[in-house]
Amino acid sequence: MENIFIEHLGFDLDQLFLEFENKRFNFDFIDEFEHRIARFIGTKYALVTSSGTAALTLSLKSLNCDKNSEIIVPACTFPATVNPVAHIGAKPIFIDIEIETYSLEYSLIENKINKQTKAIILVHQFGFPAKYTNEIVQIGKVHNIPVIEDVARSFGATISESKCGSLGLFGCFSFNSMKVLSTATGGAITTNDEQLYLKCKTLRGYGDVNKVFIEAGYNFNIGQFNAFIGILRMNKLEKNIEQRRFLARLLNYELSHIPNISLPKYNSDYVYQSFPIILKNKSERNDFISFLKQKNIKAYINQVVNCEPYFSNVGVISDNFPNSHFVNEHIVCLHWSHLFDQSFINYISQSISIFFNGK
Ligand SMILES: Cc1ncc(COP(=O)(O)O)c(C=O)c1O
């Protein structure tokens, strides 16, 4: 087993550990990783966590959200956006999405705000900056409601040269293996608010400040080795994001002749965590996904959260979410990576052309 892995890794794992061990005793990788994230995102503080779920949980907890709180969330997102809301006992208030960047439709938000509303979570989906981020941040300001950006999938995406994760009160990131910046597992919070940063820091590590326990904290710490990987990854981040964009532009061009699908537009602010395709005919989706699987092309779909069994049972308001349901039935997301090359993109585009031309 070990040989198989080492062959495929193409480098000496012992050498990597040696490098890590040599530096570890007089170097704090977590500290360095946090500084680099804060500098890159453009916030005063960054705090690395064990996951994106942990980051979202800490941000809600630090705002004292509890069972009396309502939190506005998109109806169509990966359920991990909403799980932390449920964990703290608060009520998720689902809102439909817009169809260009698959994020909150801002015009529907104000109707749902009331005295219980304690936060708005907007999601930057698939590596796309949420279309209405500025409008939503503005709504938050007017009503004095904190905006939490779920940037799990969009590390490095920008809006008018500001990085996603620097525009709301908090940015919450994931570094799991499907993400633009991956430390295998991990996450981070960014913020400019010192008090909230300190509160999240206390809650992240058991609840103590200098060994005096002042909160019932979590263990949401990340390991030094994950932070070491994160630093190595950040050194190549800009290059990797450029490659993701280049490949997305290429596939976009190569698939543009197929009338049965809509493609994500090319935009140099996007970081393309995934490549979502909307099928005109939803009845083709299962066959399409099976076909891609046969061709070893990884693909997945995106959930409408309130239709998932858990959330449909917790008594959340069940509105009509036409865009979320449309996306839920028509989307196929291609797994995306900076490790893909031009010939793999040609292979994907030829495979997809065969599927639709064969119809
Ligand atoms: C939109 C979104 N939010 C939050 C998360 C949670 O991140 P993690 O898996 O690191 O807990 C994910 C994970 O895939 C996600 O896609």
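The values are calculated or read from the model by the stated rules, or taken from the named source; none is laboratory data. It should be emphasised that the depicted structure is a prediction, and the values quoted were computed from it without experimental measurement. Here the Cβ positions follow ideal geometry from the backbone for every residue, glycine too, while neighbour counts run over all protein chains shown.
When the stretch 106-135 is filtered for residues that are buried (at least 23 other Cβ atoms within 10 Å of the Cβ) and not aromatic (Phe, Trp, Tyr), the ones remaining, listed by number, are ALA119, ILE120, ILE121, LEU122, VAL123, HIS124, GLN125, GLY127, PRO129, ALA130, THR133. What are the residues in the stretch 247-299 that are more than 26 Å from the chain's Cα centre (by Cα) and closer than 18 Å to LEU339 by Cβ, if any? Within the stretch 247-299, just LYS295 meets the criteria.
Looking at the structure I just gave you, is ILE145 in a loop (DSSP other than H, G, I, E, B) and outside the structural domain of HIS338 (by TED's automatic domain parsing)? So ILE145 passes the test. Exactly one residue among ALA75, ALA86 is away from the ligand (no atom under 12 Å from the Cβ), small (Gly, Ala, Ser) and farther than 21 Å from PHE126 by Cβ, and that residue is ALA86. Among the residues making up the stretch 215-259, those that are among the small types (Gly, Ala, Ser), outside any loop (DSSP other than H, G, I, E, B) and closer than 29 Å to LYS199 by Cβ are ALA227, GLY230.
Each row is one residue, and each column tells you yes or no for (1) surrounded by fewer than 14 Cβ atoms within 10 Å (Cβ to Cβ); (2) in contact with a Lys or Arg (Cβ under 9 Å, 6 or more places away or on another chain).
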site	(1), (2)
SER324	no, no
VAL327	no, no
HIS330	no, yes
LEU334	no, yes
PHE340	no, yes
ILE345	no, no
ILE348	no, yes
ASN357	yes, no
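The criterion of being within 13 Å of the ligand (Cβ to nearest atom) and touching a Pro at 6+ places or on another chain (Cβ under 6 Å) holds for LEU104.
Being buried (at least 19 other Cβ atoms within 10 Å of the Cβ), over 19 Å from SER166 (Cβ atoms) and either within 12 Å of the ligand (Cβ to nearest atom) or at pLDDT 95 or above (or both) is not true of THR43. Checked against the criterion of being surrounded by fewer than 14 Cβ atoms within 10 Å (Cβ to Cβ), among the small types (Gly, Ala, Ser), in contact with a Leu (Cβ under 8 Å, 6 or more places away or on another chain) and not assigned by TED's automatic domain parsing to the domain that holds ARG24, the candidates SER256, SER268 yield just one match: SER256. One residue stands out in the stretch 122-150 among those that are among the hydrophobic types (A, V, I, L, M, F, W, C) and touching a Ser or Thr at 6+ places or on another chain (Cβ under 8 Å): the one that is farthest from the ligand (Cβ to nearest atom), namely ILE145. Checking every residue in the stretch 169-191 against the condition of being assigned to a loop (DSSP other than H, G, I, E, B), more than 12 Å from the ligand (Cβ to nearest atom) and surrounded by fewer than 19 Cβ atoms within 10 Å (Cβ to Cβ) gives zero matches.
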